[in-house]
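Peer 1: For reference, the structure I am asking about is given below.
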Amino acid sequence: MPSDPRILITPVNLDLQSCGEPSLNTREDRNDLCSPELQDKLAGRLAQALAPAIAAIQDRPLEAVVASLHSEVRQFQSLYATRPLTSNKGGMQFNDSLCLHLVARALSPRFVLESGSFQGHSAWLLRQTLPEADILSCDIDLGQLRYRADGVRFHEGDWTGTELPNIDPATSLAWFDDHTDHCRRLAEAQRRGFRHVLLDDNFPAENLYATGGPPIPTLAMALDTELKDGQELVWRRRGKTYRYRFETKHTLDVASRIEKLVVLPDVTQITRYNPPSGMTYVRLKPLT
């Protein structure tokens, strides 16, 4: 709590004009900018940092993306302030939400498959970002779902057991944030006709301690030429020791399936929010 008497502190429920309406959550976890000039400055820095990745995903020249991305980030800032779940502990925060929003806007898919509904934040974000898209959100346990976005279909069960519409590879996106083996998910997506895939929690082996239930082998691990077949990986997290034996057979020759790979940048040094988790875009080769 600032002690400087020059800083005027107003409870959020008494200051509805500058940062938007408060959510109905019992706990308010919103820490953000309210001054438009500072929001614009932050948006400019974020646009510069994220433009190379978005340009690569779209196969467009960098200069063609930079100009429009600033306004996209500004739109996201306004959208994020209206989120129904301001407390999404264990789920996506500002950084990852921004990356998901920008990638979804860049690809503009007509169908989105989400695996990992959790509390419902990302499904809400996708619905706002892609108002015309058909969105299917799957989770093996919908018991944690706190918000059901209008127009999103929710399915309890693994996505592989879910009936899908006819997949147009050019206009469909598979989004995996389900803490399940990335190599398996990419093979499944390719088999079911997807080419555009977005992965969360793509940690390298040396950062497995950063999340609970990492989707091992992650794509970063599968592409790490320094990992040896049979190598034991050991890490600690919150008082528990974890062990995993890396075996190349579990990578399912994932490198041969990939046409293009783009890792979204870490913007922590710009926003000072919790770091992102290596969100990664993959363009799969057509299944032959």
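Peer 1: Does Lys89 qualify as being at pLDDT below 95 and open to solvent by 70 Å² or more (accessible area, probe 1.4 Å)? So that I can check it myself, show each step before the final result.
Peer 2: Details: at pLDDT below 95: yes; open to solvent by 70 Å² or more (accessible area, probe 1.4 Å): yes.
Taking the combined requirement at face value, the residue satisfies it.
Peer 1: Can I ask one more? Name the single residue that is most open to solvent (accessible area, probe 1.4 Å) among those in region 57-86 being of a type in the set (A, V, I, L, M, F, W, C) and within 12 Å of Leu102 (Cβ to Cβ). Quick ask: steps written out before the conclusion?
Peer 2: Taking region 57-86 as the starting set, the residues that turn out to be of a type in the set (A, V, I, L, M, F, W, C) are 57, 62, 64-67, 69, 73, 76, 79, 81, 85.
Filter again for within 12 Å of Leu102 (Cβ to Cβ), leaving 57, 65, 69, 73, 76, 79.
On the way: Ile57: 5, Val65: 2, Leu69: 8, Val73: 0, Phe76: 0, Leu79: 32 Å².
If we take residues in region 57-86 being of a type in the set (A, V, I, L, M, F, W, C) and within 12 Å of Leu102 (Cβ to Cβ), then Leu79 is most open to solvent (accessible area, probe 1.4 Å).
Peer 1: Determine, yes or no, whether Ala220 is assigned to a helix (DSSP H, G or I), over 18 Å from Met279 (Cβ atoms) and hydrophobic (A, V, I, L, M, F, W, C). Spell out the reasoning first.
Peer 2: Numbers: assigned to a helix (DSSP H, G or I): yes; over 18 Å from Met279 (Cβ atoms): no; hydrophobic (A, V, I, L, M, F, W, C): yes.
The answer is no for Ala220.
Peer 1: How many of the residues in region 114-151 are more than 16 Å from the chain's Cα centre (by Cα), open to solvent by 20 Å² or more (accessible area, probe 1.4 Å) and hydrophobic (A, V, I, L, M, F, W, C)?
Peer 2: Residues flagged as more than 16 Å from the chain's Cα centre (by Cα), open to solvent by 20 Å² or more (accessible area, probe 1.4 Å) and hydrophobic (A, V, I, L, M, F, W, C) within region 114-151 amount to 3.
Peer 1: Right, next: Taking the criterion of being touching a Phe, Trp or Tyr at 6+ places or on another chain (Cβ under 6 Å), part of a helix (DSSP H, G or I), in contact (Cβ under 8 Å) with a residue 24 or more places away in the chain and of a type outside the set (Asp, Glu), would at least one residue in region 181-192 satisfy it? Reasoning before the result, please.
Peer 2: Taking region 181-192 as the starting set, the residues that turn out to be touching a Phe, Trp or Tyr at 6+ places or on another chain (Cβ under 6 Å) are 185.
From the residues that got through so far, the ones that are part of a helix (DSSP H, G or I) too are 185.
After this cut, where a residue has to be in contact (Cβ under 8 Å) with a residue 24 or more places away in the chain as well, the list is 185.
Checking the rest, the ones that are also of a type outside the set (Asp, Glu) come to 185.
There is at least one residue in region 181-192 that is touching a Phe, Trp or Tyr at 6+ places or on another chain (Cβ under 6 Å), part of a helix (DSSP H, G or I), in contact (Cβ under 8 Å) with a residue 24 or more places away in the chain and of a type outside the set (Asp, Glu).
Peer 1: Give the number of residues within region 229-270 that are in contact with a helix residue (DSSP H, G or I) (Cβ under 6 Å, 6 or more places away or on another chain) and either hydrophobic (A, V, I, L, M, F, W, C) or open to solvent by less than 40 Å² (accessible area, probe 1.4 Å) (or both). I'd like the intermediate steps shown before the answer.
Peer 2: At the first step, the residues of region 229-270 found to be in contact with a helix residue (DSSP H, G or I) (Cβ under 6 Å, 6 or more places away or on another chain) are 229, 233, 235, 237, 251-252, 254, 257, 262, 264-265, 267, 270.
From what's left, either hydrophobic (A, V, I, L, M, F, W, C) or open to solvent by less than 40 Å² (accessible area, probe 1.4 Å) (or both): 233, 235, 251-252, 254, 262, 264-265, 267, 270.
The total comes to 10.
Peer 1: Could we say that Pro204 is modelled with pLDDT of 95 or more, open to solvent by 30 Å² or more (accessible area, probe 1.4 Å) and of a type outside the set (Val, Ile, Thr) here? I'd like the intermediate steps shown before the answer.
Peer 2: Numbers: modelled with pLDDT of 95 or more: yes; open to solvent by 30 Å² or more (accessible area, probe 1.4 Å): yes; of a type outside the set (Val, Ile, Thr): yes.
Answer is yes for this residue.
Peer 1: Shifting gears a bit: Out of the residues in region 271-288 that are under 19 Å from Arg192 (Cβ atoms) and among the charged types (D, E, K, R), which is surrounded by the fewest Cβ atoms within 10 Å (Cβ to Cβ)?
Peer 2: That would be Lys285.
The values are calculated or read from the model by the stated rules, or taken from the named source; none is laboratory data. What you see is a predicted model, and the numbers here were worked out from it, not measured in a lab. Quick reminder, even Gly has a Cβ in these numbers, built from the backbone with ideal geometry, and neighbours come from all protein chains shown. Accessible surface areas use protein heavy atoms only, side chains included; no ligands, DNA or RNA. Shrake-Rupley method; radii C 1.70, N 1.55, O 1.52, S 1.80 Å.
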